[in-house]
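Mind having a look at this structure? Questions to follow.
Taken together, the values in this text are just the output of simple stated rules run on the coordinates, not laboratory data. Worth saying up front: this structure is predicted, and the values here are computed from it rather than measured. Here Cβ is always computed from backbone atoms with ideal geometry, including for glycine, and neighbour counts include all displayed protein chains.
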Amino acid sequence: MSTADTSAREAAGRVWLITGASSGFGRAIAEAALAAGDTVVAAARRPEALEGLAATYPDRVVPVALDVTDPARVAAVVAEVLLWYGRIDVLVNNAGRGLVGAVEETTERELRDLMELHFFGPAALTRAVLPHMRSQGSGAIVQMSSMGGRFSFAGVGGYSATKFALEGLTEALALEVAPFGIKVMIVEPGAFRTGFAGGGALLQSATIAAYEETVGPVRATLPSTDGKQPGDPAKAAVAILAALEAKETPLRLPLGNDSADAILGHLDASREEVLTWESVSRGTDFDD
Ligand code: NDP
């Protein structure tokens, strides 16, 4: 199916727009949506990586070129999809990559670039689809965050900052668009077997020797997990589709045993800390 053609098309099932669809979660979610009988606009920086999928489902996959950090392309792609199908039912803001570095090691450029990819790109796509989803009175927006979007640890401050930003924006968004019949879900995976930890995708800041003890192990361990992570992206995709179908779609969906364990531990520790300092917290109001 050529993307040069702007004439209207008939969509089978729901119409999905998935970013970073060339590999990992994006690809798995695309495959699960196709298995469910839906139509997928698969957005990727290298749409040729989707030729195989498009050949398997010639009437239901449209590969499109999209770097989510390019606002003009974001607007153009959403407009194109609406010209073709007249609807977008599910937006999946999935494109992303890892970044390892202590806060002092991470440069301004690295931070800003990742914020473009994980925050401003998804925010632009969200704004672009909302007028349409509002008038349609339905739709769903899925934000691929991370367990690192709930808590952080040494070496992943920059990565977490971008995912925390996305989660903060999305928590408000969910409340704002619920009255329009639009579902919003944040997905928080642990370690999944995708291209994420591979050499080409994972970014590493230049090192400062002083951080060898705290960040060094993360630098060494993360790439060594490539291909051995416990999480299965195909199972994650099935879980995401099921959660979207549920009557009560969760705002946040942790995925993987590692994510569930770590988030529950973090919630317990956060609650304990608030309780420990509760009397101090409550002692700062005016006396009148
Ligand atoms: P992959 O590396 O397999 O896939 C990442 C995808 O994002 C690729 O298709 C890549 O395209 C795309 N991408 C990167 N930069 C851009 C860009 N500027 N514009 C458009 N697409 C881009 O990793 P995952 O599938 O794991 O990553 C998907 C999401 O899951 C990310 O948001 C990541 O943060 C999140 N995540 C992953 C975890 C994991 O363990 N796998 C854990 C927690 C969260 P290209 O091929 O062109 O580089």
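Which one of the conditions (1) more than 18 Å from ARG27 (Cβ to Cβ); (2) not in a helix (DSSP H, G or I) does ALA79 fail to meet, given that it meets all the rest?
Of everything listed in (1) more than 18 Å from ARG27 (Cβ to Cβ); (2) not in a helix (DSSP H, G or I), ALA79 misses just condition (2).
Write out, first by first residue and then by second, each pair whose Cβ atoms fall under 8 Å of each other, whose residues are 6+ apart or on separate chains, and whose first residue, in region 174-199, is free of Cβ contacts under 8 Å to residues at least 60 places away in the same chain while the second is part of a strand (DSSP E or B).
VAL177/ILE141; VAL177/VAL184; ALA178/VAL184; GLY181/GLY139; ILE182/GLY139; ILE182/ALA140; ILE182/ILE141; ARG193/GLY231
For region 48-63, which residues satisfy the criterion of being of a type in the set (Gly, Ala, Ser), in contact (Cβ under 8 Å) with a residue 12 or more places away in the chain and more than 13 Å from the ligand (Cβ to nearest atom)?
ALA54, the sole residue that qualifies.
Only one of LEU17, LEU82 is hydrophobic (A, V, I, L, M, F, W, C) and either free of Cβ contacts under 8 Å to residues at least 12 places away in the same chain or surrounded by 21 or more Cβ atoms within 10 Å (Cβ to Cβ) (or both); which?
Answer to the check: LEU17.
Quick check on my filter: what residues within region 195-222 are surrounded by fewer than 15 Cβ atoms within 10 Å (Cβ to Cβ), within 16 Å of the ligand (Cβ to nearest atom) and in a helix (DSSP H, G or I)?
Scanning region 195-222 gives a single hit, THR221.
Now, a different point. Given the criteria within 9 Å of the ligand (Cβ to nearest atom) and either among the polar types (S, T, N, Q) or touching a Leu at 6+ places or on another chain (Cβ under 9 Å) (or both), does VAL68 qualify?
Criteria met by VAL68.
In region 28-47, which residues are touching a Gly at 6+ places or on another chain (Cβ under 9 Å) and either near the ligand (Cβ under 7 Å from one of its atoms) or within 14 Å of VAL77 (Cβ to Cβ) (or both)?
ALA42, ALA43, ALA44, ARG45
Can you tell me which condition ASP268 does not meet? The list is (1) within 16 Å of the ligand (Cβ to nearest atom); (2) surrounded by fewer than 18 Cβ atoms within 10 Å (Cβ to Cβ); (3) of a type in the set (Asp, Glu), and all the others hold.
(1)
Taking region 142-160 on its own, how many of its residues are within 14 Å of the ligand (Cβ to nearest atom) and either more than 18 Å from GLY24 (Cβ to Cβ) or not small (Gly, Ala, Ser) (or both)?
Selection size over region 142-160: 12.
Further question on the same structure: Got a sec? Which of PRO230, PRO254 is more than 26 Å from ILE182 (Cα to Cα) and surrounded by 12 or more Cβ atoms within 10 Å (Cβ to Cβ)?
PRO230
Taking ARG112 as the residue in question, decide whether it is under 23 Å from LEU222 (Cα atoms), basic (Lys, Arg) and more than 13 Å from the chain's Cα centre (by Cα).
Taking the combined requirement at face value, the residue satisfies it.
Test of understanding: among VAL238, VAL218, VAL274, which residue is touching a residue at least 24 places away in the same chain (Cβ under 8 Å) and closer than 27 Å to LEU175 by Cα?
Of the residues listed, the single one that is touching a residue at least 24 places away in the same chain (Cβ under 8 Å) and closer than 27 Å to LEU175 by Cα is VAL238.
Moving on. Out of (1) touching a helix residue (DSSP H, G or I) at 6+ places or on another chain (Cβ under 8 Å); (2) in contact (Cβ under 8 Å) with a residue 60 or more places away in the chain; (3) within 16 Å of the ligand (Cβ to nearest atom), what's the single condition that is false for LYS163?
Against the list (1) touching a helix residue (DSSP H, G or I) at 6+ places or on another chain (Cβ under 8 Å); (2) in contact (Cβ under 8 Å) with a residue 60 or more places away in the chain; (3) within 16 Å of the ligand (Cβ to nearest atom), LYS163 comes up short only on (2).
While we're on this one: Kindly list, by first and then second residue, each pair from a residue in region 125-154 that is touching a residue at least 24 places away in the same chain (Cβ under 8 Å) and farther than 16 Å from GLY96 by Cβ to a residue that is assigned to a strand (DSSP E or B) and among the basic types (Lys, Arg), limited to pairs with Cβ atoms under 7 Å and residues at least 6 apart or on different chains.
ALA140/LYS183
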